[in-house]
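The values are calculated or read from the model by the stated rules, or taken from the named source; none is laboratory data. None of the values given here were measured: they were computed from a predicted structure. Cβ placement follows ideal geometry from the backbone for every residue including glycine, while neighbour counts extend to all protein chains displayed. Just the protein is used for accessible areas: all its heavy atoms, side chains included, with ligands, DNA and RNA removed. Shrake-Rupley method; radii C 1.70, N 1.55, O 1.52, S 1.80 Å.
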Amino acid sequence: MPTEAPRVAFPERTDRRLRLGPFPSARDALKFLAYAAVGAVLAPALGPGVALPLVAAGFGLAVWRPDGQAVDERALSFARWRFRSVRREAVVSDGPLSPLLRNGFFRVGPSRFAIVLRSGGTPVAYLPPGDLAHRFELYRELLRATEGPVALYVTSVPLRATPFVPVRSDSTGPDREARAGYGELVELLCRRRSGRRVYLAVAASVTGTEAVVSLEAEAARLIDRLAAFGLRAVRLKDRELADAGRRFGWPIPPGGP
């Protein structure tokens with residue numbers, strides 16, 4: 001006889017906000033009061049036909065929080081992200097790139113050059129103490145063996161669910177339902193998680209043409225050492241390198257550095 005698929009109930013979050021009546025938080029209640037105040041101000045001039053829908057919309061925005069975020073907050077976050085993206089594209093895309101950027105080098109001063117590697121991160125919170133100590137020693141050796149000044153820039157990017165979702169199959173029955181439920185769970189978790197992105201910049205300790213040769217060897221050594229951490233490092237070139245330079249605050253003159 002077919003049996004019902006097992007269900008696992010997740011415990012309630014311990015860090016959730018305290019509710020205030022029908023509102024998820026006091027901040028959302030104040031948001032509704034702000035919409036109501038605007039509706040009260042507009043009512044004498046525009047009539048209740050405009051004020052009442054505005055108050056109703058404010059109540060909906062204050063109460064309804066799909067995926068834990070209000071609609072207006074989501075729209076504001078998207079607008080900020082879009083503004084940053086357009087600004088970054090404008091900064092990086094203006095003007096032709098110099099041969100240095102195309103070859104993976106960034107000019108950071110008179111006859112001074114630097115390279116940038118991009119990598120990710122690995123979870124270390126639950127590693128045994130011995131493994132943590134070993135990783136710390138590897139990290140210290142990496143810094144000691146690196147010639148020239150080193151700079152790190154750490155940020156986060158949205159976590160894509162595609163690599164973690166199981167491949168769709170034509171199977172039927174409980175297995176198909178379990179796959180669909182697991183895929184839905186993975187997509188939901190990835191919406192609330194971000195991946196770590198690390199930019200590692202290394203400047204040459206020498207100047208002139210010797211710096212180019214030194215940085216080429218340094219890039220190969222760093223990629224090999226980061227592989228010991230289980231990290232795949234990529235050396236940036238072209239517009240990706242220009243964008244990384246903007247993150248570090250390096251000026252990009254017209255025509256590229």
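See the values below:
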| item | result |
| --- | --- |
| Residues located in segment 131-146, provided they are open to solvent by less than 60 Å² (accessible area, probe 1.4 Å) and in a helix (DSSP H, G or I) | Ala133, Leu138, Leu142, Ala145 |
| The lone exception for Glu210 - which of (1) without any contact (Cβ under 8 Å) to a residue 24 or more places away in the chain; (2) closer than 19 Å to Val154 by Cα it fails | (2) |
| Residue within segment 77-95 that is at pLDDT 75 or above and open to solvent by less than 60 Å² (accessible area, probe 1.4 Å) present | yes |
| Test for Ala201: is it out of contact with any His (no Cβ under 6 Å at 6 or more places or on another chain) and at pLDDT 80 or above | yes |
| Residue within segment 122-140 that is within 21 Å of Arg232 (Cβ to Cβ), modelled with pLDDT under 85 and not hydrophobic (A, V, I, L, M, F, W, C) present | yes |
| Selection from segment 96-111 of residues that are in a loop (DSSP other than H, G, I, E, B) and modelled with pLDDT of 65 or more | Ser98, Asn103, Gly104, Phe105, Pro110, Ser111 |
| Pairs where the first residue, in segment 32-56, is open to solvent by 70 Å² or more (accessible area, probe 1.4 Å) and the second is of a type in the set (S, T, N, Q), C-beta under 8 Å, 6+ apart | none |
| Pairs where the first residue, in segment 161-176, is charged (D, E, K, R) and modelled with pLDDT of 70 or more and the second is assigned to a loop (DSSP other than H, G, I, E, B) and exposed (fewer than 10 other Cβ atoms within 10 Å of the Cβ), C-beta under 8 Å, 6+ apart | Asp175/Ser169; Arg176/Ser169 |
| Verdict on Asp175 being assigned to a helix (DSSP H, G or I), acidic (Asp, Glu) and surrounded by 18 or more Cβ atoms within 10 Å (Cβ to Cβ) | no |
| Any hit, segment 112-130, residues being in a loop (DSSP other than H, G, I, E, B), farther than 20 Å from Phe229 by Cα and over 26 Å from the mean Cα position of the chain (by Cα) | no |
| So Ala220, is it out of contact with any strand residue (DSSP E or B) (no Cβ under 7 Å at 6 or more places or on another chain), at pLDDT 85 or above and among the hydrophobic types (A, V, I, L, M, F, W, C) | yes |
| Residue in segment 241-251 that is modelled with pLDDT under 85, touching a Phe, Trp or Tyr at 6+ places or on another chain (Cβ under 8 Å) and more than 30 Å from Pro123 (Cβ to Cβ) present | yes |
| Residue within segment 183-199 that is over 19 Å from the mean Cα position of the chain (by Cα), of a type outside the set (Gly, Ala, Ser), exposed (fewer than 11 other Cβ atoms within 10 Å of the Cβ) and more than 30 Å from Asn103 (Cα to Cα) present | no |
